[in-house]
Amino acid sequence: MATTTAKPQRSPEEIEDIILRKIFLVTLIDSMGNDTRVVYLEMTAAEILSEGGELRLSRDVMERVLVDRLSGNFTSAETPFQYLVGIYRRAYEEGKKIANMKDKTVRAQMELVVNQAKKLAVSYCRIHLGNPDMFADSQRDKSNVSPLLPLIFSEVSSSIDTFGGGSSGGASSPPGFLDELFRDSDYDSMETILKQLYEDLRGTVLKCSALGNFQQPLRALMYLISFPVGAKALVNHQWWIPKGFFINGRAIEMTSILGPFFHISALPDQSFYKSQPDVGEQCFMDSSTRRPADLLSSFATIKSVMNNLYDGLAEILRSLLKNTNTRENVLQYIAEVINKNASRAHIQVDPMSSASSGMFVNLSAVMLRLCEPFLDANSTKKDKIDPKYVFYGSRLDFKELTALHASSEEVTEWLNKNKPNNEENRLLQSQETTNFKHLVQDIQRCEDNLATLKTMQEQTPSPRVAQEIARLEKEIETLTQEKLCYEAQILRDGGLLQQALSFYQLMVVWLVSRIGGFKMPLPQSCPMEFACMPEHFVEDVMELLIFASRIPRALDGVKLDDFMNFIIMFMASPEYIRNPYLRAKMVEVLNCWMPCRSGSSSATSTLFEGHQLSVQYLVKNLLKLYVDIEFTGSHTQFYDKFNIRHNIAELLEYLWQVPVHQNAWKQIAKEEEKGVYLNFLNFLINDSIFLLDESLNKILELKELEAEMANTTEWEQRSAQERQERTRLFHSQENIIKIDMKLAMEDVSMLAFTTEQITAPFLLPEMVERVGSMLNYFLLQLVGPQRKSLSLKDPEKYEFRPKQLLKQIVNIYVHLARGDHENIFPSAITKDGRSYNDQLFTEAANVLRRIGEDPRMIQAFDDLGKKARSAASEAMDAEAILGDIPDEFLDPIQYTLMKDPVILPSSRIIVDRPVIQRHLLSDPTDPFNRSHLTPDMLIPDTELKQKIEEFVRSQQRKQEDLSMQSSSKSSIQSPDATSTRPLID
């Protein structure tokens, strides 16, 4: 039987030597091994021998060996950093083998050896990276990027990193190496290393678009700040908030550590700062010919990557905000970004000195994520928000912003009471809705110009025009790509819009809680807590609601009740919100929500028809705002009011069809007959006359231009530039006519449907003649001698429907005649000396018969015409009776006999009450000295009234006496006919 020789057992010292030689790849004995990486430390071996030691590696000489290996000029492919990481990796691998040792004592000793090797590797990594010149590195000059960066990328790698071309360059980090490097270190030893890393990360995304590889750098940043030393190093970096006299909004975006991360976007930017890959070119080139599925895929991709960016940046800021040592630095950074970009709130923004739109959309999305804990549906945390909080501290200055109602002095006085030493925050506002709107307008402008040029090219081909056509087509392609980028990142991101709406819902609930909650009527005096709030708080809410309302399905599932109630409460309350344009913006929101427009009729119809505040106050407040908007204080108020009233008119027309609102309207007309409702009617009539007049004049101008262009011979002799200018003028006039005519038709329509139920206010002394004059003027334009000059080839194109307009005018005549129980309307019609003509009534009735209108309406109109003719005859007789009227009895404005003279308190001029009341409906001032005047300030002149009445009676008596004398003479000179016979049969 063969015997086996027992394998000799190695001593712990021998095992330790073998393990350390494998880990450090060094030997103290010169031998020709197969591993070329192993280095013979000849000098170290000689020193150990001279000291009487054994040529064996151990814990005692481990560090000495490591230093000698790093300091020596050995031929090796590895840099000092690669070598040190390799030590850690090999120690980790040896550690796994040691775990299988059966001898617990030896195993424990070897574990200590391996752990000490790992600690040394980490420690000397810090030393080497912090002091690169300490150990020779032949490859150091080849790259300025920290060698740690590829290892960090590998640590945070993900399967999605292939999107955008991300990789860690094949390098990988040994398990536990980075954690040990960052976690178990002091700040001083890591500051320089981390400073370099943050600069490197910033550089990797500096020119990175939404389609680039930003995922790895973002996760790397998140990983680094998870360590206390990493978080501290980031906020202490000199580029955390760049300093310097020339640092502006764009500079802080491009030079701060976080700025380039916030710059990553799908939105267009200036060419100098444009990122790659180009999102517009890559996703939306030739979009008009692309399959819808391709575009939807691009939209989905951009939405996905941008939300990854938002989530990552929000997590980074959240982590830094939770850390009490870094919180203040984060708040300072956000404040600095806002302060340096204050010019973004201006109408014109300089893109070279202001941060990009992408940065502010990203920052807004991130801040909304940070606000999520407060955005519960019931707003339970709103009471924890101190109304003075936004004004405290030194980061941002809200005191100079326009407040909802208080003056800057009132804000300061309010703040000085019990001013605590707190900090403040500001909610971000974005101009992206405005930018997007301008982009759409630019595309429309280019398309209109392109159509004009193509028409010119068809008529008279020209190389210069062809060149301009090509330029415009290229510009439209670029603008369309940019529009689709906006759509992809903002409009298609329902989650972002929902978060923003939730935030602003909290805003309105919180604001209303300053005045006691959602209830009407409002307190008589506006509390300072509300009055001092920045105006843009409310403006941002309205802008977002308008923006979201125009995006299909963006409001699905959003509870709009709080917004609706807020709008009803404040849109007609200048005592709470001073700015009339801001209150007008609230109407624009409601206009978007009308069931016929919103696309979700059941949801929005409930807002209008099922809410207590809506039923009680909506019509009343719309009528009040219609009046208030006449005087905004702006130099453009005359033109602004038409657009605002257009929105109000559309709402009122819808509400008239809702029984509960129509009843409320009738009640308001009754209660406010001589108040706001009379003012409303006055401005409605003023607007109708002005808009129709403007439209008809522009039609005449348009026909002249049409005639010019129709004369082909003369037209083609003009220069291309002149033809282009005249063609543009033609299209401009077309647009003006279309808008003005639409508004005029809208106003007349409102008069038509309301007079069917409400007539009393129209028949008041101060209103009835005004109404008669307006109707007569419209009738003159529609059926008078000049009507043929207003004929157009395609009147529908310009919203001009003369037959419909005539029918509505006649309906108003008839409605008012039916409600005229005192028979004053026929006389009022005839007092209009400019437009009234009996023949117009006959001609209008004939036109209505020809077009087949209701015979009953035509008959009622005919009857009114006869009454007017009779009233005109009676008026002429009455005027003849009065003869020469003393000047003191004549109204100085209309030069008609006064019936109810009143004294104006300031100028002391005496005028007729109906005449001055009619003036005050449009202008609350004394017409003779412009001092403030209201109807209740008029002073009755009873003495003069008695004189006038006595004058009239005396003139009538004279006329009666003359009539009697005439009758007596007639009876003497002409005997009764029955008692005489002719002389000749």
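The values are calculated or read from the model by the stated rules, or taken from the named source; none is laboratory data. Worth saying up front: this structure is predicted, and the values here are computed from it rather than measured. Here the Cβ is made from the backbone with ideal geometry for all residues, glycine too, and neighbour counts use every protein chain on show. These area figures cover heavy atoms from the full protein model, side chains too; ligands, DNA and RNA do not enter into them. Shrake-Rupley method; radii C 1.70, N 1.55, O 1.52, S 1.80 Å.
If we keep just the residues of segment 24-45 that are of a type in the set (S, T, N, Q) and open to solvent by 90 Å² or more (accessible area, probe 1.4 Å), which is modelled with the highest pLDDT?
Restricting to residues being of a type in the set (S, T, N, Q) and open to solvent by 90 Å² or more (accessible area, probe 1.4 Å), the top hit is 36.
Each row is one residue, and each column tells you yes or no for (1) open to solvent by 30 Å² or more (accessible area, probe 1.4 Å); (2) within 27 Å of residue 896 (Cβ to Cβ).
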| site | (1), (2) |
| --- | --- |
| 789 | yes, no |
| 808 | no, no |
| 837 | yes, yes |
| 841 | no, yes |
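Answer yes if at least one residue in segment 627-646 is part of a helix (DSSP H, G or I), open to solvent by 30 Å² or more (accessible area, probe 1.4 Å), of a type outside the set (D, E, K, R) and in contact (Cβ under 8 Å) with a residue 40 or more places away in the chain, and no otherwise.
yes
Find the residue count for segment 212-225, including only residues that are out of contact with any Phe, Trp or Tyr (no Cβ under 8 Å at 6 or more places or on another chain) and either hydrophobic (A, V, I, L, M, F, W, C) or at pLDDT 95 or above (or both).
4
Could you identify the single residue in 243, 195, 232 that is surrounded by fewer than 21 Cβ atoms within 10 Å (Cβ to Cβ) and outside any helix (DSSP H, G or I)?
After applying the criteria, what remains is 243.
Residue 92 versus (1) in contact with a helix residue (DSSP H, G or I) (Cβ under 9 Å, 6 or more places away or on another chain); (2) closer than 16 Å to residue 29 by Cα; (3) hydroxyl-bearing (Ser, Thr, Tyr): which is the lone unmet condition?
It is condition (2) that residue 92 fails.
For every residue, the table says whether it meets (1) at pLDDT 90 or above; (2) closer than 21 Å to residue 255 by Cα.
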residue	(1), (2)
289	no, no
315	yes, no
318	yes, no
328	yes, yes
352	no, yes
361	yes, yes
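Within segment 459-477, which residues are closer than 21 Å to residue 722 by Cα and in a helix (DSSP H, G or I)?
459, 463, 464, 465, 466, 467, 468, 469, 470, 471, 472
Based on what the data block shows, is residue 48 in a loop (DSSP other than H, G, I, E, B), β-branched (Val, Ile, Thr) and either at pLDDT 85 or above or touching a helix residue (DSSP H, G or I) at 6+ places or on another chain (Cβ under 7 Å) (or both)?
Judged against the criteria, residue 48 is not a match.
Find the residue count for segment 872-922, including only residues that are assigned to a helix (DSSP H, G or I), modelled with pLDDT of 80 or more and small (Gly, Ala, Ser).
The total comes to 2.
Exactly one of (1) over 27 Å from the mean Cα position of the chain (by Cα); (2) open to solvent by less than 50 Å² (accessible area, probe 1.4 Å) is unmet by residue 307. Its number?
If we test residue 307 against (1) over 27 Å from the mean Cα position of the chain (by Cα); (2) open to solvent by less than 50 Å² (accessible area, probe 1.4 Å), just (1) comes out false.
Only one of (1) surrounded by 20 or more Cβ atoms within 10 Å (Cβ to Cβ); (2) within 40 Å of the chain's Cα centre (by Cα); (3) aliphatic (A, V, I, L, M) fails for residue 782. Which number is that?
Among (1) surrounded by 20 or more Cβ atoms within 10 Å (Cβ to Cβ); (2) within 40 Å of the chain's Cα centre (by Cα); (3) aliphatic (A, V, I, L, M), residue 782 violates only (2).
For every residue, the table says whether it meets (1) farther than 16 Å from residue 774 by Cα; (2) without any contact (Cβ under 8 Å) to a residue 60 or more places away in the chain.
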residue	(1), (2)
786	yes, yes
798	yes, no
803	yes, yes
815	no, no
830	no, yes
840	no, no
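Among the numbered criteria (1) touching a helix residue (DSSP H, G or I) at 6+ places or on another chain (Cβ under 7 Å); (2) open to solvent by 10 Å² or more (accessible area, probe 1.4 Å), which one does residue 797 miss?
(1)
Could you run through segment 848-871 and say how many residues are open to solvent by 10 Å² or more (accessible area, probe 1.4 Å), aliphatic (A, V, I, L, M) and part of a helix (DSSP H, G or I)?
Looking only at that region, the number is 3.
Exactly one of these conditions fails for residue 674: (1) open to solvent by 50 Å² or more (accessible area, probe 1.4 Å); (2) in a helix (DSSP H, G or I); (3) touching a residue at least 12 places away in the same chain (Cβ under 8 Å); (4) not aromatic (Phe, Trp, Tyr). Give me its number.
Only one criterion is unmet by residue 674, namely (2).
Here are the criteria: (1) over 30 Å from residue 944 (Cα atoms); (2) open to solvent by 40 Å² or more (accessible area, probe 1.4 Å); (3) free of Cβ contacts under 8 Å to residues at least 40 places away in the same chain. Tell me which single one residue 845 does not satisfy.
(2)
Answer yes or no as to whether residue 843 is modelled with pLDDT of 90 or more, part of a loop (DSSP other than H, G, I, E, B), on the phi < 0 side of the Ramachandran plot and over 49 Å from the mean Cα position of the chain (by Cα).
When the stated conditions are applied, residue 843 does not pass them.
Could you identify the single residue in 56, 89 that is open to solvent by 60 Å² or more (accessible area, probe 1.4 Å) and touching an Asp or Glu at 6+ places or on another chain (Cβ under 7 Å)?
56
Quick one: residue 667 ticks every box in (1) open to solvent by 10 Å² or more (accessible area, probe 1.4 Å); (2) within 30 Å of the chain's Cα centre (by Cα); (3) of a type in the set (S, T, N, Q) bar one, so which box is it?
(2)
Only one of 434, 455, 480 is of a type in the set (Val, Ile, Thr), over 30 Å from residue 398 (Cα atoms) and either modelled with pLDDT under 85 or not in a helix (DSSP H, G or I) (or both). Can you tell me which?
455
With the condition kept exactly as written, say whether any residue in segment 473-484 is open to solvent by 40 Å² or more (accessible area, probe 1.4 Å), touching a residue at least 24 places away in the same chain (Cβ under 8 Å) and among the basic types (Lys, Arg).
Yes; the residues of segment 473-484 include at least one that is open to solvent by 40 Å² or more (accessible area, probe 1.4 Å), touching a residue at least 24 places away in the same chain (Cβ under 8 Å) and among the basic types (Lys, Arg).
Looking at 747, 740, which one is within 34 Å of the chain's Cα centre (by Cα), within 24 Å of residue 661 (Cβ to Cβ), buried (at least 21 other Cβ atoms within 10 Å of the Cβ) and charged (D, E, K, R)?
747
Confirm whether residue 201 is modelled with pLDDT of 95 or more and either part of a strand (DSSP E or B) or crowded, with 16+ Cβ neighbours inside 10 Å (or both).
When the stated conditions are applied, residue 201 passes them.
When segment 259-282 is examined, which residues are found to be under 17 Å from residue 480 (Cβ atoms), among the small types (Gly, Ala, Ser) and part of a loop (DSSP other than H, G, I, E, B)?
266
Just wondering, is there one or more residues in segment 409-423 that are open to solvent by 60 Å² or more (accessible area, probe 1.4 Å), part of a loop (DSSP other than H, G, I, E, B) and modelled with pLDDT of 65 or more?
Yes: one or more hits.
Quick one: how many residues across segment 604-616 are open to solvent by less than 40 Å² (accessible area, probe 1.4 Å) and touching a residue at least 60 places away in the same chain (Cβ under 8 Å)?
1
Does residue 61 satisfy the criteria of being touching a residue at least 40 places away in the same chain (Cβ under 8 Å), surrounded by 15 or more Cβ atoms within 10 Å (Cβ to Cβ) and either within 19 Å of residue 172 (Cα to Cα) or touching a Ser or Thr at 6+ places or on another chain (Cβ under 9 Å) (or both)?
It is false that residue 61 is touching a residue at least 40 places away in the same chain (Cβ under 8 Å), surrounded by 15 or more Cβ atoms within 10 Å (Cβ to Cβ) and either within 19 Å of residue 172 (Cα to Cα) or touching a Ser or Thr at 6+ places or on another chain (Cβ under 9 Å) (or both).
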